[in-house]
Amino acid sequence: MDVLIKYSDQFVSGFWVTFQLCLLSAIGALVVGTAVAVLRISPVPPLRAVGTAYVTVFRNMPLTIVMFFCAFALPTIGVNGNFLKIPLLDQLFRRLGTDLPFFRLAVIALTLYTAAFVCEALRAGINAVPAGQAEAARSLGLTFTQNLRHVVLPQAWKAAIVPLGSVIIAMIKNSALAGFFGVVGDLSSVADRLTGAGGEPIIPVFIGISIGYLIMTIPLGLLLDRIEKRRAVAR
Amino acid sequence: MTDTPLVQITAVNKWYGPLHVLQDINLEITKGEVVVVIGPSGSGKSTLCRVINRLEPITSGSIRFDGRELPAEGKALARLRSEVGMVFQSFNLFAHKTILENVTLGPVKVLKDSPSKAKEAGMALLSRVGIANQADKYPAQLSGGQQQRAAIARALAMRPKAMLFDEPTSALDPEMVSEVLDVMTSLAREGMTMVVVTHEMGFARQAANRVVFMADGQVVEEAGPEEFFARPKSARAQDFLSKILH
Ligand SMILES: Nc1ncnc2c1ncn2[C@@H]1O[C@H](COP(=O)(O)OP(=O)(O)OP(=O)(O)O)[C@@H](O)[C@H]1O
Ligand SMILES: [Mg+2]
């Protein structure tokens, strides 16, 4: 167990990198996923088709392939995710601004992949809003966007929050793949380095890494349980 | 007093796939008129209501409202819908908003009224339908009759030129029917143009200028209420009335 103490700084920095990766990807996935969900319920058939195609592709493709594509194929066509070098944001999340593209590309991969699941969770939430309310809003003269913004989405979010939480937990676990696609210094690559090149004993290292992930996933799971319970009482 | 009817439905057909739900409908409704639509289940009454503010598109024919052809989907259609109030069987209040917020949403977002003006007008409407003291509650906390009165206030808040009611009392417990009908009767007295799908014969007798009887997607018979209930001409109407009038 000495390894945990000896390399505590590496575990901590690995945790910090994974945390950044997850936070940015979660925000990205929620934004992209909402947009795709809006496409999927839009009254314009071609937009609906785009939304459906997106979900079909990213829900059915292994994440490893999406990661592989983003990390190694995108750079060959000149995509390095430079649009993510957002001023100020890259001060807070240093990895966004680095020369090496892999952190940004991992954010893109996780975002694209997770967005498909966010979309489906949201759509289930949207379907839980009685259709009559959307119809009443239409009959008042609200446009499609006003209807979404003021009537449908506020209620859909509420119904979708628990499934969305599960999607985010799955995403945190999925983020472990990033260490094998060029991202240096996240939790999983720390494990790889300590046990491989470092020659440290495997079991203690893996315990340390597991703690890193559980620190993120368990509180989120507990929070979801609480939301669900409070919902049940309110009902 | 007006020469062009407020609602002018000409040769309208509507198909749901192979189902011919509106068959060559012709109907004119003048300003201030109260038209009650009755007929057996599945005869197309709801569909007729829904095509008037184009919640459903028609397959052929023409519907003119206030002298203009109904526009295609888009901003212009949204504006037209705001001129036609609609009240549904299942109330359809916005569950996450208070009663007052339900009533002010349309005026603020569609008519661009200031929130304070909308609130003031909304409270006046809620008093008028007798539920001002429920303004800050959520729909689920109200009885069915109160919810339906709130839904009527919500539609009226748009200052519509006409109101459509699709079986507004069918989902209510019997003791709450009259509180909703009273509101509708007083609206009719004040000169609101109304299309009301209902089986409440008392309301039809009291408030309607005309009864339209539909069966199998067709307008089978039209007459004043006294005439219609006393001497229905078609066999379909006679049969229907004999079933519901006892
Ligand atoms: N969205 C739809 N898709 C397919 N068929 C529909 C749809 N809406 C209604 N119909 C059919 O159209 C016909 C007319 O329906 P409509 O709801 O207008 O009848 P209604 O007279 O209002 O009946 P009720 O008294 O039961 O409310 C029915 O046969 C119904 O099954
Ligand atoms: Mg109906």
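With respect to the conditions (1) within 14 Å of chain B (Cβ to nearest Cβ); (2) of a type outside the set (D, E, K, R); (3) surrounded by fewer than 22 Cβ atoms within 10 Å (Cβ to Cβ), residue A:166 falls short on a single one, namely (1). Taking the criterion of being small (Gly, Ala, Ser) and under 13 Å from residue A:112 (Cα atoms), the residues of the range A:11-36 that qualify are A:25, A:26, A:28, A:29, A:33, A:35. Mind checking whether some residue in the range B:188-197 is buried (at least 20 other Cβ atoms within 10 Å of the Cβ), within 14 Å of chain A (Cβ to nearest Cβ) and within 16 Å of ligand 2 (Cβ to nearest atom)? Yes, the range B:188-197 contains at least one residue that is buried (at least 20 other Cβ atoms within 10 Å of the Cβ), within 14 Å of chain A (Cβ to nearest Cβ) and within 16 Å of ligand 2 (Cβ to nearest atom).
When we screen B:155, B:208, B:162 for residues that are more than 14 Å from chain A (Cβ to nearest Cβ) and away from ligand 1 (no atom under 16 Å from the Cβ), the only hit is B:208. For residue B:54, state whether it is within 14 Å of chain A (Cβ to nearest Cβ) and more than 11 Å from ligand 1 (Cβ to nearest atom). Yes. Taking the range A:30-80 as the range and being farther than 17 Å from residue A:178 by Cα and either among the basic types (Lys, Arg) or part of a loop (DSSP other than H, G, I, E, B) (or both) as the test, the residues that pass are A:40, A:42, A:43, A:44, A:48, A:59, A:78, A:79. Between B:22, B:27, the distinction of being in a strand (DSSP E or B), modelled with pLDDT of 95 or more and over 17 Å from the mean Cα position of the chain (by Cα) belongs to B:22 only.
Only residues that are over 19 Å from residue B:195 (Cβ atoms), part of a loop (DSSP other than H, G, I, E, B), at the interface with chain A (Cβ under 10 Å from one of its Cβ atoms) and not charged (D, E, K, R) were counted in the range B:83-113, giving 6. No other residue among A:191, A:176, A:156, A:170 is at pLDDT below 90 and out of contact with any strand residue (DSSP E or B) (no Cβ under 7 Å at 6 or more places or on another chain) apart from A:191. One residue stands out among those in the range B:215-246 that are of a type in the set (S, T, N, Q) and in a helix (DSSP H, G or I): the one that is surrounded by the most Cβ atoms within 10 Å (Cβ to Cβ), which is B:238. The number of residues in the range B:30-82 being in a strand (DSSP E or B) and more than 26 Å from residue A:144 (Cβ to Cβ) comes to 5. Scanning the range A:139-162 for residues that are assigned to a helix (DSSP H, G or I) and either facing chain B (nearest Cβ under 7 Å) or among the hydroxyl-bearing types (Ser, Thr, Tyr) (or both) yields A:139, A:140, A:145, A:146, A:150, A:151, A:154, A:155.
The values are calculated or read from the model by the stated rules, or taken from the named source; none is laboratory data. Computed from a predicted model, the values in this text were never measured in an experiment. Heads up, the Cβs are rebuilt from the backbone with ideal geometry, glycines too, and the neighbour counts pull from every protein chain shown.
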